[in-house]
Structure formats: structure tokens, C-alpha cells
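See below for the structure under consideration.
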Amino acid sequence: MLDKGKQALGSLLFFLKNPYVLGIVAIVFIITVTVINVVVIMGGTLQSESSDEDVENLYTVCTNGELNKEKFYAMFESAGAFTKKGDEFIAVSKKVSIDPVLLASIAFNETGSGTSKMVKERNNPGGLYDSVNKTFFTYPSLSDGLYSMAKNLFKNYISIGLVSIEQIGSKYAPLGVANDPNNLNANWVPNVSSFANKFGGLTMNCESANLGSGNFVNPVPNPTITSSYGYRIDPITGAQSEYHKGTDFACKNGDPIYASASGTVHTAIYEGWGGGYGHYVMLQHGDKYTLYGHMRTPVVKIGDKVKQGQKIGECGTTGSSTGYHLHFEIQLSPMGERVDPMKFLNKK
Ligand SMILES: [Zn+2]
């Protein structure tokens, strides 16, 4: 064993003393270092690209009336059952008076860009269910399936004032519902928004689609209101008619607290009394602000861009609080006029 070891060491020394071999070793070393550098640089680039997209998702491009034909048709170059079907999306949307970009964004999101069985085998891009025959509808052509999907979108959403992607998402893929324990619905609005941007931007209802237009979703999973906005008896002092500036939701220690709408972190307090709010977060959404009080801890920092449904903190009982709960406010200016959050939450 020892002899063999000595032999191996001897061979190694021989190789290293040989200038030719040493040259090769040096070249291999240089190549290795270069490859590692390139990988590190590429990793960095990829990371910044994905965070750019995250920010972009917050602000759906909206160009009233103007379909970006180049971007729109480019998406149909290779898209499973939707390949080269851009004109069908436009024709169907015209018939129903809806935005072709909105219809396409939702259809692409629901079908994995035209590749799902539902669209390939049933021509049913909207996943529409026939409750009489207890099965999904099968349509004779993609055009027929698209037309049904578009009519459904108009009837159940657009016609009742749910026009932006966030507003549609609040009914289509609501947060904190029992059939979505992993909070997958939180991805619906960002994913559909991302498609809308790739299609060149929404072409209708731009005013309502702007950030901060008034669509807010539940800030906790399985929301139970324990105290409403308005005048009440103070649970601590017992005094009557204390004005409660927000809505209290039951939550357990450490439960996730979600951003009620996409926006920017205006305030994040991680310690102390916080003026009674304890550890809290305030988000800005265009012309409105939401506040999340009594957190165990915020998990965002001032200036962060957050998406609707993104976790921004954990349930706690800090500040002026008698037990674990979320105190949620909607404000018209920072710490200024408060409004009843329930008039805005999941508005239908
Ligand atoms: Zn409260």
C-alpha cells in the first residue's frame, strides 16, 4: 500500500516537473475559472431579468383601443391548439365586445398556452363545466369553445363591473378559499397579467385596470371577521362608541398575512408599540393605502413591490391587542381618512 502510494506521488511529481504537462494543467485551470465566471455572470443576469418581470406584472400594460398586432400574433406562432388562431380570438372577442388580449391571456393561462387536454380534446379553453350532464363541455370547434368562454367572461364578470385582471381574479380565483389550501389562486392575477403584457397590453377598460382602482382581496386565509369597522365597545377599556378604524380578522400565531392588492410597501414596523398597531405594514396602491396591524413580524421592507396575495407578514398580537388577530384598514391617505374595508374587499 505504502509503495503504491509513493509510486503515485512520484508519477505526479514527474508530471508537474514536465513543462508541457504543467502548461496543460495551467490552461485547464484558466478555462475552469472562466467557465465558473460566465456561469456566475449569467446567473446574475437571469436573476435581474426575473425580478424585472415581477415588477412589470404589477403594472399591466394598457393601451386603450390599440391592439399591438405584432406582439399579439407573435404569441400564436407556436401555442399548441392556439397556433395561428389569433384571428379567431379577435373575431370572437368582437362578437361579444370584450378585449381580445384579456380573452387570450386567460385562455393561455388556463390551458398552458394551448397545450392542455381540455383544449386539445374538447375545444374547451375556458374549462366550462356542464352541470346537467356532470362533465366538461366538448365543442365541435375551437371557435365554438372560445365563443362560449368569451360569453361566460362577459356575462359573469365584465357585465357586472369586474373588468380588470385583479377584479376578475378576485371572483375567478379568490384567495383564502377552502378548495385552494396551497394558495395557488395567488398566482392567477400575476400570471394572467404577465400574459397580457406579452400580448402587448390590454386594449379595453384601462381606467379600471389601473393599479389602486379599488379591488382588494382578503388579507388572511379563511377570513372570519371578529370586529367590524365603525363604532363599537372598546374591548380593553370597555368605553362605548370607540371608533374602530378597520376590520379585525381572526388568525393564529404565525399565519400568513397577504397583500390585499398589489402595491408598494409604504411603512414596515418590526418592533415597538407602533402607535398601538404594534408591528405593522402599510402598502400604497395608487390612491389608496392598506394597513395590517398587530403582526408578529412583517416579512417585507419599505419600497418593496408586492403582488396581490403575496405574503407580507405573520399574524401576531403586538401593540394594543388582546389576542392574535389582524387589524386591517383601508386609508385614503397615509394615516388619514379611513373607509370601511368590507365595502372594498372582494367587491363583486
Ligand atoms: Zn382592530
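The values are calculated or read from the model by the stated rules, or taken from the named source; none is laboratory data. A quick note: this is a predicted structure, and the numbers were derived from the prediction, not measured. Note that each Cβ is placed from the backbone with ideal geometry, even for glycine, and that neighbours are counted across all protein chains shown. Note: areas computed on protein heavy atoms with side chains; ligands, DNA, RNA excluded. Shrake-Rupley method; radii C 1.70, N 1.55, O 1.52, S 1.80 Å.
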- Can you give the accessible area of residue 317, probe radius 1.4 Å, in Å² rounded to 10? 50 Å²
- Note on the structure: The base-10 log of I(q)/I(0) that the Debye equation returns for the stretch 62-209 at q = 0.08 Å⁻¹, one scatterer per C-alpha, is -0.20
- Only Lys, Arg, Asp and Glu count, each charged at its Cβ (+1, +1, -1, -1), so figure out the dipole size of the stretch 62-209 about its Cα centre, rounded to 20 debye. 280 debye
- Please work out the Cα center distance from the stretch 258-313 to the stretch 95-121, rounded to the nearest Å. 34 Å
- Note on the structure: Burial-style ranking of 71-81, 100-110, average other-beta-carbon count within 10 Å with highest first, yields 100-110, 71-81
- In debye to the nearest 20, the charge dipole size for the stretch 225-343, taken about the Cα centre with +1 at each Lys and Arg Cβ and -1 at each Asp and Glu Cβ, equals 300 debye
- Query: Would you list 273, 188 from the most to the least accessible area, probe 1.4 Å?
  - Reply: 273, 188
